[in-house]
Amino acid sequence: MSITQITDAEFAQFQRFIFQAAGISMADAKKTLVMGRLSKRLMHYGLDSFGAYFQLLASGRNPDEVQMAVDLLTTNETYFFRENKHFDFLRAQALAARSRHQTYRVWSAASSSGEEAYTMAMILADVMPGLPWEIVGTDISTRVLEGARRGLYSLERGRHIPREYLQRFCRKGIQEYDGYLLVDQSLRSRVIFLHANLNETLPDLGKFDMVFLRNVMIYFNLETKREVVARVLATLKPGGYLCVGHSESLNDITQALESIAPSIYRKPA
């Protein structure tokens, strides 16, 4: 069965769909991406057009398929120790917090396949041995969250992990898992992965000392950015820190934080 090309009108329907579902503004240049990611779903249902697939989603008869479409249309690109300056900052703040003997909590707000959250866990396990800490990772995609909970990655994905951390916190696969690494259970047990849509009311996540909201706002328009940041700030403890992507800024988005370094902000105590 051959799949027809997506029309401009059909593509516009999916632009509205992903904006309403996730607050993501999808550029016109993403038409080929939409075709590539959704064509298998058309084949799965025996549909001959993207318009017919959209009608299936809009009918409300299959909420699981709606989540599937959201998963497929959500970009999930990450790797261990990405934008390492933020992890150096996390290390410094965790060291300073050791004397408080309170549970140090960090949120990876767009955790994707889990590398960011596990990087946080490696650092806290290193600098806060025997002390209470917790990592929460959330994402809109249930598909990538399932993979994150497994903690299984190709060795290539782990190329930025320091050798000491590889030896301490990862297990090298053998036989059918040759070429893979598994994050050690001692870390996986300390990281909680939950489904959350930043564009909607958040689940009760508690309060955090630091939040990473990195490389996700680039997909939102200005109004959505303001709404998302307001929701995230409500989870941040007074004196806590918010890190955004190096290419992102909170200029014109919120006045509730003070900038202490490029892409790093502090909530006043």
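The values are calculated or read from the model by the stated rules, or taken from the named source; none is laboratory data. Remember, predicted model here, so these are calculated numbers, not experimental data. All Cβ positions, even for glycine, are placed from backbone atoms using ideal geometry, and neighbour counts span all protein chains on display. Side chains included, ligands, DNA and RNA excluded: accessible areas come from the protein's heavy atoms. Shrake-Rupley method; radii C 1.70, N 1.55, O 1.52, S 1.80 Å.
Output the residue which, of all residues in segment 146-163 that are in a helix (DSSP H, G or I) and open to solvent by 100 Å² or more (accessible area, probe 1.4 Å), is nearest to residue 108 (Cα to Cα). Filtering segment 146-163 for residues that are in a helix (DSSP H, G or I) and open to solvent by 100 Å² or more (accessible area, probe 1.4 Å), the one nearest to residue 108 (Cα to Cα) comes out as 149. Only a single criterion out of (1) at pLDDT 95 or above; (2) under 18 Å from residue 109 (Cβ atoms) is not satisfied by residue 199, namely (1). Residues that are touching a helix residue (DSSP H, G or I) at 6+ places or on another chain (Cβ under 8 Å), in a loop (DSSP other than H, G, I, E, B) and in contact (Cβ under 8 Å) with a residue 24 or more places away in the chain within segment 56-78 comprise 74, 75, 76, 78, listed in sequence order. Which of the residues belonging to segment 34-46 are closer than 24 Å to residue 198 by Cβ and open to solvent by 50 Å² or more (accessible area, probe 1.4 Å)? Listed by number, the list holds a single entry, 37.
The set of residues in segment 143-170 being within 15 Å of residue 115 (Cα to Cα) and among the basic types (Lys, Arg) consists of 143, 149, 150, 157, 159. Taking the residues in segment 254-269 that are of a type outside the set (Lys, Arg) and part of a loop (DSSP other than H, G, I, E, B) as candidates, determine which candidate is farthest from residue 215 (Cα to Cα). Within segment 254-269, the match that is farthest from residue 215 (Cα to Cα) is 269. Among all positions in segment 117-136, there is no residue which is among the hydroxyl-bearing types (Ser, Thr, Tyr), in a loop (DSSP other than H, G, I, E, B), open to solvent by less than 30 Å² (accessible area, probe 1.4 Å) and in contact with a strand residue (DSSP E or B) (Cβ under 9 Å, 6 or more places away or on another chain). Could you go through segment 79-102 and let me know if any residue there is within 22 Å of residue 132 (Cβ to Cβ), in contact with a helix residue (DSSP H, G or I) (Cβ under 8 Å, 6 or more places away or on another chain), of a type in the set (Lys, Arg) and not in a loop (DSSP other than H, G, I, E, B). Yes, the conditions are met somewhere in segment 79-102. Scanning segment 1-32 for residues that are open to solvent by less than 50 Å² (accessible area, probe 1.4 Å) and either modelled with pLDDT of 90 or more or of a type in the set (Asp, Glu) (or both) gives 6, 10, 11, 12, 13, 14, 15, 17, 18. The C-beta contact set for segment 170-186 (first residue touching a residue at least 12 places away in the same chain (Cβ under 8 Å) and open to solvent by 90 Å² or more (accessible area, probe 1.4 Å), second residue in a strand (DSSP E or B) and among the polar types (S, T, N, Q), distance under 8 angstrom, 6+ apart or interchain) comprises 180/154.
For segment 192-235, a residue qualifies if it is farther than 24 Å from residue 134 by Cα and without any contact (Cβ under 8 Å) to a residue 24 or more places away in the chain, and exactly one does: 223.
Against the list (1) modelled with pLDDT under 95; (2) in contact with an Asp or Glu (Cβ under 9 Å, 6 or more places away or on another chain); (3) farther than 22 Å from residue 136 by Cα, the condition residue 268 fails is (1).
Take the residues of segment 213-253 that are in a loop (DSSP other than H, G, I, E, B) and surrounded by fewer than 16 Cβ atoms within 10 Å (Cβ to Cβ): which is modelled with the highest pLDDT? Can you show your working first?
Filtering segment 213-253 for residues in a loop (DSSP other than H, G, I, E, B) gives 214-216, 220-221, 234-235, 245-253.
When the remaining residues are screened for being surrounded by fewer than 16 Cβ atoms within 10 Å (Cβ to Cβ), the result is 221, 234, 246-247, 249, 251-252.
Details: 221: 91, 234: 97, 246: 90, 247: 87, 249: 91, 251: 90, 252: 91.
Taking the candidates together, the pick is 234.
No other residue among 269, 230, 234 is out of contact with any helix residue (DSSP H, G or I) (no Cβ under 8 Å at 6 or more places or on another chain) and closer than 24 Å to residue 18 by Cβ apart from 230.
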